[in-house]
1. Name the residues in segment 279-307 that are assigned to a loop (DSSP other than H, G, I, E, B) and either at pLDDT 85 or above or of a type in the set (Gly, Ala, Ser) (or both), would you?
2. If you take the residues of segment 343-392 that are closer than 15 Å to Cys228 by Cα and among the small types (Gly, Ala, Ser), which of them is modelled with the highest pLDDT?
3. Suppose we filter Leu422, Leu395, Leu324 for residues that are under 18 Å from Ala224 (Cα atoms) and modelled with pLDDT of 90 or more; which single one remains?
4. Just checking: which of the strands (runs of 3 or more DSSP E) contained wholly in segment 96-205 hold 1 or more residues that are closer than 30 Å to Tyr351 by Cβ?
5. Quick one: is Arg429 on the phi < 0 side of the Ramachandran plot, among the basic types (Lys, Arg) and not in a loop (DSSP other than H, G, I, E, B)?
6. So, in segment 207-257, exactly how many residues are at pLDDT 90 or above, hydrophobic (A, V, I, L, M, F, W, C) and in a helix (DSSP H, G or I)?
7. Scan segment 414-426 residue by residue and report those that are small (Gly, Ala, Ser) and assigned to a helix (DSSP H, G or I).
8. What's the number of the only condition in (1) in contact with a strand residue (DSSP E or B) (Cβ under 9 Å, 6 or more places away or on another chain); (2) under 19 Å from Cys228 (Cβ atoms); (3) crowded, with 16+ Cβ neighbours inside 10 Å that Pro464 fails to meet?
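The values are calculated or read from the model by the stated rules, or taken from the named source; none is laboratory data. Since this is a predicted model, take the numbers as computed values, not measurements. A quick note on method: Cβ atoms are made from the backbone with ideal geometry, for glycine too, and the neighbour counts reach across all protein chains shown.
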Amino acid sequence: MSKEPFAPLPPGDKPPVPSLADLLAARAHDADAADLTGADQDSRQTADATPGPARPELPKPSPVHARAGAAPIAQEEAVPVKVPLLLVHAEFSEGALIQTWMQHVMKGPSLHLARFQEGLTDLVLDHQPYAVLIQFDPGCIDAAVALSAQLQTQYPQIPRLAIGRARHGQCMLAALRTGVQDFLDIDGSVETAQLVVRKLLSSPPSAGLHVSRAPQTAIVSARAGLGCSLLAAHLSWHLQARLCGAPPASAAAPAAQGEASAAADGAAKEPLSSLLIELGTLGGDCAMYLNTPGEFDFTDAVNQQRRLDRRMAQSALAHHASGLRLLTLARHAHALPSTEVQALLNRLGHYFRHIVLDMGATESQQMLKDVLPTASEVWVVCDQSVASVVWTAELLQYLDGLQIPRSRRQLIVSRHDPRLELSAEQIARQLHLPLLAHLPERRRELAQVVNQGMLFTPQQKREPYVQAVEKLVDRLLADHHPETALAKTASASPLNRLLQRIRTH
């Protein structure tokens, strides 16, 4: 989009009448302004006192369609944030006609289109629409009634509008019986439909419309070979074990053919807890460390995300014996559109409880731009060497350019040896980062288990590396999954430990 300012109107010309899309943008801005409290309101009033460019006056809705007590549309200059509406239609020609008619009503790109056979839950989670418009036609009346009823059950806070022809009385009656807010007649005038939508937008957004997504923990380093992938593999595996509440099997334990078939049958029923996405190395080191190869890679997931529902995530993604799912880059991956990458991460965040992102020392700056700004936390890995500290300082400057808040960044010192002069605390002070943890120097022990096709299991409590990883898992559980952390505290009581020993023996 061009950054040049809009040219002023010639003298005597009237400002253009805003379309319904402009009203949607103004409505979104007004809803955001209503949430401001305290100091934010004071600062906003101060900003409004500054003279700015004049905004065309928005036309007021007809008194017949105006909702009592509706907040007036904001008159100040607003950021053009679109309020999305979702139109669900049939595939035949009548559905195409409704698409064209509704786009003419909207006069803007704020309308998302979907077919009846697409997953409703995924559509609502992806677009989080202000309202859903449903086609009611004799050829799709059963699907429309089922969809409207499902919306009423799962998302009662989202308004519903029916679209069809008023001359089809059975369709209008069926729509009203499902509790839709109104019926748009495509044989009627566009102005009448616009008034109906304005009436819908005159009410404040319903509470609870936005659905929370899984937290994302990104692990990144400035140089390769610092153990990011080993940390990500251990962290995601141990986190999976804690989230699912059951001790996982060993990564190296091969499953018999019958056991593998039974595991595949049960995969569709088990909950999705942890997902490990490896974006730092082509081909994926984590998949080798966990002995979990997969044919469905990150590029496939981006290209097929319109079909990627919860069931497909359970079956298509590579899964470890513990239930952990993996996505890795293909060996010959190409650049992916930023919007598609972000949309995929957004979609996966609705299916899993936690996502670990192994960025490593990726050379793709675009991937960093696409992934890190939305991460819940960014763990920067550095070792005890001057060169690593210098390169990490440059990485932090790059993260500053991406406007990633420093409050979300923390330092992990890998291969920590307390006998060295450059301590973890000194590195943290030099980099101006809070020290989250230090991983002990265990290169020899790690190489030994990796060469045997294994990793340190969660049961190896005496291993210093496992102890460090478990502390990180405790931190994630406390910050993002407090109910699991409380459950662990309860199970760790002396009485529970005694009962556990009795059951074991």
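1. Gly283, Gly284, Leu290, Asn291, Thr292, Pro293, Gly294, Glu295, Phe296, Asp297, Gln304
2. Ser388
3. Testing whether each residue is under 18 Å from Ala224 (Cα atoms) and modelled with pLDDT of 90 or more leaves just Leu395.
4. Here the list reads 111-115, 131-135, 160-164.
5. Details: on the phi < 0 side of the Ramachandran plot: yes; among the basic types (Lys, Arg): yes; not in a loop (DSSP other than H, G, I, E, B): yes.
So Arg429 fits the description; yes.
6. 10
7. Listed by number, the list holds a single entry, Ala424.
8. (3)
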